[in-house]
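My questions will all concern the structure given below.
The values are calculated or read from the model by the stated rules, or taken from the named source; none is laboratory data. In this text the structure is predicted, and so the values were computed from the model without any measurement. Because the Cβ atoms are built from the backbone with ideal geometry, glycine has one as well, and the counts that use them run over all protein chains shown.
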Amino acid sequence: MIDFPVTLHEIEKFQIDNRNYVVDLDRNELVCVDLVVWNVLELCRSSSREEIIRQLKEQHTEAEIFEAFECIRQFAELGLLVSNTVRRVPDENRKLRLLTFLSQIPTAQPENGSNYLLLESLSRHMEVTVGLPKDQWSESYRDDKVFHFMPIETDLKRARTYYINATYDVTMAFAPVDFGLLSVEMNEVIPFFSWNNVPTIVRVHSGVKNEEAFINFVLAVYGAKRPFDAIVVDAPWLIPRFQEILSSEVDFCVIPDPVDLERFQPYEDKMIGKRCINAIFDTQEVFQKLVVGIIAGEVSEVNYRVGKFVAELCPELFFLVFAAGLPDLYLNNLPNNLVFFTETEQFGTDPHLLPMLLNGIDICFFHATLQSSSSLLFQSLACGMPTLIGTANAIPEFENACAFIDLKKGITDREHLKRVLEDLKQLLVDSREMERLSTEGRKLAENFSADVVSLQFVNLMHSLTQRQLETQSKSTHNSRRSLFCYNYDSNYGSVRSQALQHPHASSESIEVALAKEFLESHTRLQTEMLLTEIYNGDREKACHILEKLSGLIL
Amino acid sequence: MTLKQPLFQCPKPIHRLHHFTREDRFFIVDLDIGQILETDNLIWEILQLCPESTQDKILETLSERYESTLIYQAFEQLRSFEEMGLLVGNTGREILKKKNRLRIFVAGPIETWTSDKTYVRSGYRLASKEILSALSKYADLFFHASKSEVVSDGVYTISGGTSRHNFLFQLQQNQIDGIFMPMIPLDMVEQMPLHLFSSGVPVISRLGSPRGHGGSMIDSILWTYAAMNEHDAFITPTRSIKDFYAQHVLDADCFRVIPNGVDSDLFSSMDKAQARSQVAEMLNRPKIRDKKIVGFFGRFQPEKGAGIFIKIAKMLPDVLFFVVAPTLHAYQLQKLPQNLIYIGEQPPREMLPLYLNTFDVHCFPSIVGEEAFGNAVLEAMACGVPPVVTNFAGLPEVVSEAGRVVVCQTFGQDIGSFAGYVEPEMLSKAIQELLNDDACRIELGKRARERALEFKWDTTAKKLVMLYENLKRKKQFASRTRFKTSFVPSYDSLDNRLQCQSILTNVTEQQNQQPLMHTSYYQDWKAALALTLLERHTVHEVETVLMHIVKDKYSVADILNRVNGFAQATSL
């Protein structure tokens, strides 16, 4: 795809006998073009694609105009008429312009609080435009003081036209836990990334119900992303999981969600929290026993089994399991020392509810997997809650601030759960350690303030735009494609396939030629996946070819 | 002032020209050739006067404003341009406009047209020339040369640069309807640009030699097969060539059978006795009048069956064996049987019918890989001489019921240029049968003549023109649909492994170049690979890649059918 405006060679245009000629003086070549291309050439030095379409749509159909764009792109490939298209370089003195899509207006309401907090803090450093579905749109949004809002068409097929209109520097998409929202669905990752040359950040949140679907979504994004795009995960423990799946390093960025440090802070009087728990669950046990909070993920069945097991094993402790959406049938016949907190909607109505709840907990166990929301962890750390993290991989970022237990097997393994309980009990009696964890946890959480997190995003965006410019300036399009043809083996009287490189007709393997071609239009990971299939699952061979080619393809 | 005679003569026509200035630079664009020249205003002024004025008049007109030295220099420069085929001269464009005929660019040297066929020894080259001659009655032919000019009625040369772009420009400017490649070169590097740069104009490549040259001809044909578009085609003179390639490629339909012709006016029956008498006198061999004669007509080389012919001669000592060939090659050093007569150096073409008419039987034992049609057989048949041939390549198709076909052994792969072997005894037996049965032989000779009359160069040319029309229509209705495909890793948690999924976008909405949301579909990765490759490669290239991966012809055909059908169904 060619982006406009472009830098043209020195050209001379003239019309004779109803034919339109263009002389490329830089290349000393003459071309004959149709009227649409002629008209586009008039405009393409100074106008964007959208402006060109707008100006020419009276004279030509959109299809004709796009064909003309393609014609000019082909000329560019031949080295004619157009210099390497160079994207507008963001003015260093101007704020970066960010475009994001959300399914509904972000508010400070807690249920989508972290997105709002992030975007609101980003808006202090850049111009933030939020695209909303048209049916969510209201004229009153035009007056919003924080964001620019933009309605997008209900027909989502046209949604991306706004990318054409945009002169944004960066875009951001939020990968939601459930895929019913506007944001990118898995089979639409490719269109999303192919749209234009703007760096894109895909924000990936932990705390998912369907692990496989989530993994495949992230893999699709990872496969599609270009060198100047980024996947930003909110929790460091996501990375080892994907490295294990891909059997290679992954270059995800880790930037947690911002924590509202004013809302989430340690109360001097812990009883406030305990009274809150009492009020919600109507249990006196919360005053009589130490309270253990368990964040084990979003899967109801897992939460239920874990809760039941630990409560029965440790009747001397009171367990509060965070289990959003747990069906009511699970709530029957529970031990007295076990409650499940299922009502996430309540958080939406009362911003202080969750902080109070967290302050009522004496110690927290957090199972660090894809299914556990990191936001809850950081919020509990911000409330000064000593935390034991169960993880299969080390999390150096949290070393000082939390206790750890190795949980290579799943959390539902009973032996492991017994060990978790033992560790918890040991910690509970070690008041100095508890105090230390509380203090360090809060300190760690202060690194996740909105300001700090937004600055991390801003720095990331700057580096991506820089990388995009570098990638653009290096890229050359190899218009010399290979010829895939048969080669006759006279010894056997049969044919085999080969690839011949133009123009010298030197032979190379089909796989190498395919890899070279695909690397021009697809990402490295996509090319690797394809080659692996061609090699019947031998990924090593595929990687070997790509290693050999790296550096040869600019 | 006496004008020193410049070499640039006027008046003369000029090409379609345009001029412009850029800063202090003056440019002239030759629209007929597609070249841009940086020159000066004086050259332009001379060119404006050139069609109507003599050089003296031009000098007179311009000397008021320019020094005569400068004018002379300009004339000199124009002469150089003229030699390069630029700016001045008749490009034939005017003639072109008056006729409403196909315009065919011939991808071969102009010598293919201009060369004298009197002593042409290669059947392939001769056939090329005959086809072009016949084609020129129905289509205008264009050849590339250093200058643009009219060669003869309906035959032109066009000049220009050799860059891909300029080639395309020339095709466009001259409104070329098709490209004809009379011979497929062995050098692939020449090959590939033609199909890639034809810009939608149908390219027809003529196969004269299906095999041979140690397999390198097959490679050239396979390369051409890969590079050709759906609106291109091969022509082959016999079905056997098509069948040979059908073993190796999927799309055998791109091989169209258009037989060669024969000049049945030149090659016709004569009174045999008279012919023999004349030849006997010319060669001073009285025996020629009385003996039965078996003839060899062609290159006297081992792969053409020369050795077999000699063995047959030894088997039949009472029969004369005539060799009509350019030279005996290595056999001239051998002791040849006494009943084998070599007529001497190949006579001019007009004399060949005389020699052929002396034959009672024409023996054609060729098993060379390059054998495609057997022009020599047809020429002898046109003279009423019954042939005895092997069942090699397309010979049985040509001979049909008008001769004797002897079974030969065909090699699976060539040895050098040898693609088979025939037992001399079997040929000898067939020959003897004909020689011993006068009635049968005479009847077969009549049939041979009738059969030969079915092959006309004119018919070949008409079929070629029709093929171009068909291919143009095919191109008109063809559409290249563009799809965006992607290959994503997909994790299977049960097997704990990654696999490749592919996604196709923009299935239903393709006006926009940008991939659109909600038009994405999962599909088999091989089909996705095929669709991706089709953006930049031909269907035949995709076939090649799929054969490498899938290794089964039927599966590949199935994938291509699906992909093609899908592309057709979703094309705009």
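Quick check on my filter: what residues within the stretch A:506-553 are of a type in the set (A, V, I, L, M, F, W, C), touching a Cys at 6+ places or on another chain (Cβ under 7 Å) and either part of a strand (DSSP E or B) or farther than 16 Å from B:Val550 by Cα (or both)?
A:Met529
Here is a list: B:Ile293, B:Ile258. Which entry is closer than 30 Å to B:Tyr554 by Cβ, hydrophobic (A, V, I, L, M, F, W, C) and away from chain A (no Cβ under 14 Å)?
Going through B:Ile293, B:Ile258 in turn, the sole match is B:Ile258.
Go through the residues of the stretch A:270-289 one by one and say whether even a single one is within 30 Å of A:Val221 (Cβ to Cβ) and either more than 37 Å from the chain's Cα centre (by Cα) or surrounded by 14 or more Cβ atoms within 10 Å (Cβ to Cβ) (or both).
Within the stretch A:270-289 (the criterion being within 30 Å of A:Val221 (Cβ to Cβ) and either more than 37 Å from the chain's Cα centre (by Cα) or surrounded by 14 or more Cβ atoms within 10 Å (Cβ to Cβ) (or both)), the answer is no, since none of the residues qualifies.
Now, a different point. Quick check: anything in the stretch A:132-145 assigned by TED's automatic domain parsing to the domain that holds A:Ser48, surrounded by fewer than 17 Cβ atoms within 10 Å (Cβ to Cβ), modelled with pLDDT of 75 or more and not polar (S, T, N, Q)?
Scanning the stretch A:132-145, I find no residue that is assigned by TED's automatic domain parsing to the domain that holds A:Ser48, surrounded by fewer than 17 Cβ atoms within 10 Å (Cβ to Cβ), modelled with pLDDT of 75 or more and not polar (S, T, N, Q), so the answer is no.
Within the stretch A:20-69, work out how many residues are within 9 Å of chain B (Cβ to nearest Cβ), in a loop (DSSP other than H, G, I, E, B) and in contact (Cβ under 8 Å) with a residue 12 or more places away in the chain.
Summing the residues that are within 9 Å of chain B (Cβ to nearest Cβ), in a loop (DSSP other than H, G, I, E, B) and in contact (Cβ under 8 Å) with a residue 12 or more places away in the chain in the stretch A:20-69 gives 2.
While we're here: Which of the strands (runs of 3 or more DSSP E) contained wholly in the stretch B:216-306 include at least 2 residues that are surrounded by 16 or more Cβ atoms within 10 Å (Cβ to Cβ), in contact with a Cys (Cβ under 9 Å, 6 or more places away or on another chain) and not assigned by TED's automatic domain parsing to the domain that holds B:Ala372?
By residue number, B:233-236.
From the set of residues in the stretch A:531-551 that are β-branched (Val, Ile, Thr) and within 10 Å of chain B (Cβ to nearest Cβ), which is nearest to A:Glu511 (Cα to Cα)?
A:Ile534
Which residue is farthest from B:Thr358 (Cα to Cα), if the candidates are limited to the stretch B:297-336 and must be of a type in the set (D, E, K, R) and in contact (Cβ under 8 Å) with a residue 12 or more places away in the chain?
B:Glu303
May I pose another question? Tell me which strands (runs of 3 or more DSSP E) are completely within the stretch B:342-412 and hold 1 or more residues being under 17 Å from B:Phe321 (Cα atoms) and among the aromatic types (Phe, Trp, Tyr), or say none if there are none.
Counting at least 1 such residues, we get B:361-364.
Continuing with the same structure: For the stretch A:197-204, state whether one or more residues are at pLDDT 60 or above, under 16 Å from the mean Cα position of the chain (by Cα) and assigned to a loop (DSSP other than H, G, I, E, B).
The first filter runs over the stretch A:197-204 and keeps only residues at pLDDT 60 or above, leaving A:197-204.
Subsequent filtering for residues that are under 16 Å from the mean Cα position of the chain (by Cα) retains A:198-204.
When the remaining residues are screened for being assigned to a loop (DSSP other than H, G, I, E, B), the result is A:198-199.
Looking through the stretch A:197-204, at least one residue is at pLDDT 60 or above, under 16 Å from the mean Cα position of the chain (by Cα) and assigned to a loop (DSSP other than H, G, I, E, B).
Also: Can you find a residue in the stretch B:530-547 that is within 7 Å of another protein chain (Cβ to nearest Cβ), assigned to a strand (DSSP E or B) and modelled with pLDDT of 70 or more?
no
Please enumerate the residues belonging to the stretch A:240-263 that are over 13 Å from the mean Cα position of the chain (by Cα), surrounded by fewer than 22 Cβ atoms within 10 Å (Cβ to Cβ) and more than 14 Å from chain B (Cβ to nearest Cβ).
A:Pro240, A:Glu249, A:Asp260, A:Leu261, A:Glu262, A:Arg263
Also, quick follow-up: Taking B:Asn339 as the residue in question, decide whether it is out of contact with any helix residue (DSSP H, G or I) (no Cβ under 9 Å at 6 or more places or on another chain), more than 14 Å from chain A (Cβ to nearest Cβ) and in contact (Cβ under 8 Å) with a residue 12 or more places away in the chain.
no
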